[in-house]
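The values are calculated or read from the model by the stated rules, or taken from the named source; none is laboratory data. The model shown is predicted, which means the values in this text are computed figures rather than measured ones. Cβ sites come from the backbone with ideal geometry, for glycine too, and all protein chains shown count toward neighbours.
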């Protein structure tokens, strides 16, 4: 059975800080936890700085990870269960965490590189980690060209968000922590139309023709799309309602809208 | 300011047992927590047995509830915060809980009463409370005629499920804790077609014509629809995939499918 280097207390301390948003933001790196997500990031073009395993819990369950070290040169460490818990966000951890460098997208190049026919999804103050993660997973399924997460939404690198993305975060460009009014204004300069989603009185989704370049804006769980964003809107859409529910969950709306948009765009 | 009867310790004890599934099942009643859900149940035709408020936390936040007692004759009690926590499932409670009798649907009458054009949704071993609740909320939006929750799915009256339904549970018939093979077999005797959802190689959703009487079956989060249910299937459908995500969240799938089904059915 393979053994790994013991992690030093100073390295452990610096990695454990990444559980807090402020350190993720200043150090531009974050933690990824669990077998599936660590596999996803290793199979992506994101840069993995280190992998840390719980010497007690890891080998037992996921022994097949032993060949990673040779394969891609990522330093692998082990530590005691007590130390591992300083890195872990889950109650029943799978005993594996990766330290990953954030991928930086330049807002300038970003717009230039998008194809003529593009669908983007923008998140306007979406605060529930499960919703943000599920929206990004859904965007990935429908192959949106990019997602934009506003600076007043939950942090993209929050462990609960990452978990709910099921790895989608490593599959397509996601620009996070941005001023959405400014980003959408840039989008409009690049011939994008801003399509806002509203609970009623918008264009009926199933008859709507999405423009060649569309940015679909999803709004806050309780208040919907904010006024400052509505001011930029070129069109609004509404998912037809038949029953009594007051609203649809925002991630559900995202799925329904993207499926409709793809019928047109493909 | 209005005051309410203090709840007796014996009543408190019997209500607090309803946090456990086994007591909900044997006593055929359950707890509903929070301002929105309690309002929903009071505005429905479900029978509310009692309302209990936290004497410390309730009046401050939701004083408008004081006129309920006169309005509908539901006994209202108050208790100390410590006692209230024996009923509450949430960390930051709104200080109001209702005790509600389960509505019993007869499986015989059930099939007879359904209109000629009906869409039903069946949940086959869906284990995440948030998923079950969000699916039912989505069913409510799209006005499905009824939902059927299998006995190996999470309990419908689990507080997390109820919260995620946003009240949908009180808006339309939901038959829970049932053997799904048996229920679907009865459905087939009543001219229902069983439409299962599969990750690939099913009929493309957006070209699919839903039969006049359809039961759409959603499967387990990890394993999909079970083999015993697939054996009853009349047709399978697949949501077209464009990107890299391995799967869609089951509640997202539900929303996309129901929107497509309604385009046909309305």
For this session: Of the conditions (1) closer than 20 Å to residue B:205 by Cα; (2) surrounded by fewer than 17 Cβ atoms within 10 Å (Cβ to Cβ); (3) within 11 Å of chain B (Cβ to nearest Cβ), residue A:209 clears all except one; give me its number.
Result: (3)
For this session: Collect the residues in the stretch A:225-260 that are without any contact (Cβ under 8 Å) to a residue 60 or more places away in the chain, surrounded by 16 or more Cβ atoms within 10 Å (Cβ to Cβ) and closer than 24 Å to residue A:190 by Cα, keeping them in residue-number order.
Result: A:230, A:232, A:233, A:236, A:237, A:260
For this session: Confirm whether residue B:127 is part of a loop (DSSP other than H, G, I, E, B) and away from chain A (no Cβ under 12 Å).
Result: yes
For this session: For residue A:155, indicate whether it is buried (at least 22 other Cβ atoms within 10 Å of the Cβ) and either at pLDDT below 95 or in contact with a helix residue (DSSP H, G or I) (Cβ under 6 Å, 6 or more places away or on another chain) (or both).
Result: no
Exercise. Of the conditions (1) more than 14 Å from chain A (Cβ to nearest Cβ); (2) crowded, with 24+ Cβ neighbours inside 10 Å; (3) assigned to a helix (DSSP H, G or I), residue B:122 fails just one. Which one is it?
Worked result: (3)
For this session: Return the residue satisfying two criteria in turn: it lies in the stretch B:34-91 and is farther than 27 Å from residue B:137 by Cβ, in contact with a helix residue (DSSP H, G or I) (Cβ under 6 Å, 6 or more places away or on another chain) and modelled with pLDDT of 90 or more, and of such residues it is surrounded by the most Cβ atoms within 10 Å (Cβ to Cβ).
Result: B:83
Problem set entry | Residue tally, condition more than 7 Å from every other protein chain (Cβ to nearest Cβ) and touching a helix residue (DSSP H, G or I) at 6+ places or on another chain (Cβ under 8 Å), over the stretch A:248-265 | 6
Exercise. Restricting attention to the stretch B:158-177, which residues are in contact (Cβ under 8 Å) with a residue 60 or more places away in the chain and surrounded by fewer than 18 Cβ atoms within 10 Å (Cβ to Cβ)?
Worked result: B:160, B:173, B:177
Seminar exercise, completed: How many residues of the stretch B:191-206 are closer than 22 Å to residue A:258 by Cα and either more than 14 Å from every other protein chain (Cβ to nearest Cβ) or surrounded by 14 or more Cβ atoms within 10 Å (Cβ to Cβ) (or both)? The answer is 9
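State which residue is nearest to the other protein chains (Cβ to nearest Cβ) when the search covers only the stretch A:131-160 and only residues that are part of a strand (DSSP E or B) and over 10 Å from the mean Cα position of the chain (by Cα).
Applying the filter and picking the extreme gives A:146.
Answer yes if at least one residue in the stretch A:178-185 is closer than 30 Å to residue B:41 by Cα and in contact with a helix residue (DSSP H, G or I) (Cβ under 9 Å, 6 or more places away or on another chain), and no otherwise.
No, the stretch A:178-185 contains no residue that is closer than 30 Å to residue B:41 by Cα and in contact with a helix residue (DSSP H, G or I) (Cβ under 9 Å, 6 or more places away or on another chain).
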For this session: Using the structure shown, decide if residue B:216 is in contact with a helix residue (DSSP H, G or I) (Cβ under 7 Å, 6 or more places away or on another chain), in contact (Cβ under 8 Å) with a residue 60 or more places away in the chain, more than 14 Å from chain A (Cβ to nearest Cβ) and crowded, with 16+ Cβ neighbours inside 10 Å.
Result: yes
For this session: Could you tell me whether any residue of the stretch B:129-139 is surrounded by fewer than 21 Cβ atoms within 10 Å (Cβ to Cβ) and either under 19 Å from residue B:187 (Cβ atoms) or assigned by TED's automatic domain parsing to the domain that holds residue B:182 (or both)?
Result: yes
